[in-house]
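Remarks on the structure that follows.
The values are calculated or read from the model by the stated rules, or taken from the named source; none is laboratory data. None of these values were measured; they are calculated from a predicted model. Positions of Cβ are generated from backbone atoms using ideal geometry, with glycine treated the same way; all protein chains shown enter the neighbour counts.
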């Protein structure tokens, strides 16, 4: 799981890095404008580390869902005699697909990150505890300001502590140590921090710095934030009418009289290059306000930052299956739905010629899986109340006389019947369902190092047809004629805890015979040729499971294929609404 998350983390980091570089270029273009504007740009670069672009892409894909007519996905055509039988145990990953040295890398990276995260947390906790202790030992000062003012005995520089209830901390005797005009300018500077909510925005970057402590750019952004924050307050003080020379002397006197603050949890008077800052203040240099062209530039970059991911999501939006009760393409002419209270664990479902569907003792979840052709992969259906797995139903439904005429090919029969079953579930159970794409673990079916051992079919089969396909399956044997490797991957999904996708790149139709032991991994004997079904039926014997290989071993030995663990986008079905069935 850790390994599968690494690509997503890496994508987020490089995207945030690129966004920070864009903010640097924009702040350079606005270097002669107000520092408050550049501070907001750097704050956006910091906050981007907490907001993946994938959030906007997902939002765009949801906004872009478009309704299409209900159609059936062509899936594995089987009639299951006992759908209540549990699926096989999760499919083990082949041993040769991973190596111990590789497996150690994700946990090692996680351990290193956690050490840095813990060290950062301890550092900030120490700073906060020390500042809180100073705050609790301080005494009130009778200054008429919007926030409380406290005098402390510690030789710290003036600063604002707290986010929701800020307090101005002043070192004891500061008012007597500098001129009144200088003192007023220093207090005005600190009140600018309060008005700008600098402690709140600083806390945002503190979170970023703690999580992404390993990224040098995060520390560089911190320096830029600190510099632009102090410069913005200086510009605000000068614009409010403070005399530049007096203000500059006040800052110098504070720096001479009190040590530089080590309290990282406060917004204090110092915090940027002192010489450059004093020269800027003494020269009364205040950045220009944004003109219309630069306003358009900032707005354009902001719109692109949010709009491009949204547009990507819109372009890749997945169509939502239209509810068939609104626009039914086909429906059963007569249908009976009844609760089954027998308590029997056995259940059956059957599609018959002429478009008749019967189900006995089926759960609603299985009926939905059957209707949407995903019964081979029940993990692709998510949501719904608990009763859809607990309560069971009997269904007997018949299509109109001419809906599915005699001689209809099997695949067309299955497709039409399932579309009608979708309409039945929407009508009787008020089922609402949609599709969406989700990152999930998957297996890729690939060619083993030994090369493929596939036998091309000698039958005259139509690719994509079904007439030449014969499926005879149980948890340890699969035999099929004229199947492609997409079909094989779908079959393997039945016996797996995750989807299997074809990654071989091999085209064509093949005759496939596969036999394995789904229960206990054992090394197969030298003679592992499976006994034919006819021989077993004649002799009345079942093969010794201990003599059979596991499924990964059988794939490699019998077909020259193997499975690799990956994580990728998988289309899932989500139940939005469902009710117990209406009376017949």
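Of all the listed residues (328, 309), the sole one being surrounded by 14 or more Cβ atoms within 10 Å (Cβ to Cβ), modelled with pLDDT under 80 and closer than 30 Å to residue 569 by Cα is 328. Just one residue in the set 20, 25, 47 is farther than 21 Å from residue 200 by Cβ and either not assigned by TED's automatic domain parsing to the domain that holds residue 231 or not in a helix (DSSP H, G or I) (or both); that residue is 25. Count, please, the residues in region 346-362 that happen to be closer than 15 Å to residue 393 by Cβ and in contact (Cβ under 8 Å) with a residue 40 or more places away in the chain. Looking only at that region, the number is 8. Reported count of residues in region 470-500, each being under 10 Å from residue 443 (Cβ atoms), surrounded by fewer than 18 Cβ atoms within 10 Å (Cβ to Cβ) and at pLDDT 80 or above, is 0. For region 168-191, the criterion of being touching a strand residue (DSSP E or B) at 6+ places or on another chain (Cβ under 9 Å), touching a residue at least 24 places away in the same chain (Cβ under 8 Å) and surrounded by fewer than 18 Cβ atoms within 10 Å (Cβ to Cβ) is satisfied by at least one residue.
Quick check on residue 18: is it surrounded by fewer than 18 Cβ atoms within 10 Å (Cβ to Cβ) and at pLDDT 75 or above? Yes: the conditions hold for residue 18. Scanning region 480-507 for residues that are in contact (Cβ under 8 Å) with a residue 40 or more places away in the chain, within 28 Å of the chain's Cα centre (by Cα) and in a helix (DSSP H, G or I) returns 489, 490, 491, 492, 493, 494.
Could you list, in sequence order, the residues of region 530-564 that are modelled with pLDDT under 50 and not in a loop (DSSP other than H, G, I, E, B)?
533, 534, 535, 536, 537, 538, 539
Determine whether residue 221 is under 47 Å from the mean Cα position of the chain (by Cα), surrounded by fewer than 22 Cβ atoms within 10 Å (Cβ to Cβ) and not in a strand (DSSP E or B).
no
Determine whether region 77-95 contains at least one residue that is at pLDDT below 50, in a helix (DSSP H, G or I), farther than 30 Å from residue 425 by Cα and not assigned by TED's automatic domain parsing to the domain that holds residue 572. Scanning region 77-95, I find at least one residue that is at pLDDT below 50, in a helix (DSSP H, G or I), farther than 30 Å from residue 425 by Cα and not assigned by TED's automatic domain parsing to the domain that holds residue 572, so the answer is yes. Among the candidates 170, 109, 104, the residue that is modelled with pLDDT of 85 or more and under 30 Å from residue 448 (Cβ atoms) is uniquely 109.
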